[in-house]
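The values are calculated or read from the model by the stated rules, or taken from the named source; none is laboratory data. Everything numeric here is computed off the predicted structure, so don't read it as measured data. So basically every Cβ, Gly included, is an ideal-geometry build from the backbone, and we count neighbours across all protein chains shown.
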Amino acid sequence: MQHKINIGLFGYGVVGESLYHVLQYSKTVDAAVSKICVKQKDKKRSLPENKFSFNKEDIINDKEINLVVELIDDAEEAYDIVKKCLINKKAVVSGNKKMLAYHLDELIELQKETETALLYDASACGSIPVIRNIEEYYDNDLLKSVTGILNGSSNFILSRIFNDRLDYQTALKQAQDLGFAESNPSLDVDGFDSLYKLIIIATHALGTFVKPEEIFNYGIANIQQSDIQFAREKGLKIKLVAQLLKLNNESFTLFVIPRLVSSEKYIYNVEDEYNGVVIQGEFYGKQFMFGKGAGGFPTGSAVLSDITARSHHYKYEYKKQKYFKKVDYKTNHKIKIYLRYHNLVDLSYFEFEKITEKYSGQEYNYVVGNIKLENLIKIKSILPKLNVFLAYIKE
């Protein structure tokens, strides 16, 4: 049985405004936005002034509001809002993947204590309902891996590089001009956005929360023409890929890294600002989900889906935590990588277990070899400062 939902909305940017528009046309849920809390008082908006508040307590303490939708950029402010709302026994829908990646373990416990719900399908992969699918359909211990292009901005850039033969800076500028990338694109192109989404997905897929600093992530900002040439000569594309890999019944690993992808892989043909997620299981093989990973209306539609779910009293059960033995996160897993470098000092940071291919030239050098993730995590903070590029090669 549905019940009337009075929404308190935090944030009226692209997604917030799109959600408001979507709600006007949705016939699937009895929901309306009662108040909208924003920061900037002098900004022109598409709604009357009396719809807006500039004090978050106006929503948090309003007893008539029974669902809070949080769609702001500031992760710490979002955490404060979500925590206070849950303590006040208000259900929350959030799209803030960074906030969730740092605080999800605490917020899961808070939901149990307050017997309310936090939903966040919109936080990972936009219009693709990956979290609820993993929570409901893959609610067993047969899941072996999740492989995903989780960031539309970096995927758009790589599509322009490989399909239109643009250089990185030109492709990045095009992405920024079209609104796919921010003026400071680090969150996307350095792999942090994908990292945050992967943490959320892993919490539902395997029931174990892993902190961001414990996971290796590396992006595409240092890609050069020599790396593109290497991929093309081997008939491959480079995609920024987030990987969850169950190593055995006791352990798993996570990493985000550019990957050299062959044409028979599902993600090879995921182009432009789209996302693609491949879920592999013990007996059901591979299943592929594809859709727009960002943008106002795709993300707004995902938020609407969570609002509709709450109208039916839906909440995540966190079944992997509740019903299955905990699997441990490990970083001693070896992966095969391509490493392009220009001097031996940069190469010396990498502790390869085995090198299978080498090239030395006047303009650049590269090696292909096996290295442990824990060694990459050790040098994670200095990698952006080195004149190197690395990509995962799945054996």
**Request:** Name, by its number, the condition in (1) without any contact (Cβ under 8 Å) to a residue 24 or more places away in the chain; (2) within 30 Å of residue 142 (Cβ to Cβ); (3) not hydroxyl-bearing (Ser, Thr, Tyr) that does not hold for residue 302.
**Result:** (1)
**Request:** Among what's in the range 210-240 and is among the β-branched types (Val, Ile, Thr) and more than 14 Å from residue 157 (Cα to Cα), pick the residue that is surrounded by the most Cβ atoms within 10 Å (Cβ to Cβ).
**Result:** 215
**Message:** Conditions first: (1) in contact with a strand residue (DSSP E or B) (Cβ under 8 Å, 6 or more places away or on another chain); (2) modelled with pLDDT of 95 or more; (3) under 22 Å from residue 11 (Cα atoms). Residue 111 passes all but one, so which condition is the exception?
**Reply:** (3)
**Prompt:** From 51, 90, which residue is touching a strand residue (DSSP E or B) at 6+ places or on another chain (Cβ under 6 Å), closer than 23 Å to residue 17 by Cβ and at pLDDT below 95?
**Reply:** 51
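How many residues are free of Cβ contacts under 8 Å to residues at least 24 places away in the same chain and outside any helix (DSSP H, G or I) if we restrict to the range 369-384?
Initial filter on the range 369-384 (free of Cβ contacts under 8 Å to residues at least 24 places away in the same chain): 378, 381.
Those still in the list that are outside any helix (DSSP H, G or I) too: 381.
Selection size over the range 369-384: 1.
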**Message:** Out of the residues in the range 267-305 meeting the condition of being of a type in the set (A, V, I, L, M) and part of a loop (DSSP other than H, G, I, E, B), tell me which one is farthest from residue 246 (Cα to Cα).
**Reply:** 294
**Complete:** For the range 244-265 the number of residues that are touching a residue at least 24 places away in the same chain (Cβ under 8 Å), surrounded by fewer than 20 Cβ atoms within 10 Å (Cβ to Cβ) and closer than 30 Å to residue 321 by Cα is 5
**Prompt:** Based on what the data block shows, is residue 319 surrounded by 16 or more Cβ atoms within 10 Å (Cβ to Cβ) and in contact with an Asp or Glu (Cβ under 6 Å, 6 or more places away or on another chain)?
**Reply:** yes
**Request:** Hey, can you tell me all the residues within the range 345-368 that are in a loop (DSSP other than H, G, I, E, B) and either over 30 Å from the mean Cα position of the chain (by Cα) or aromatic (Phe, Trp, Tyr) (or both)?
**Result:** 348, 349, 350, 361, 362, 363, 364
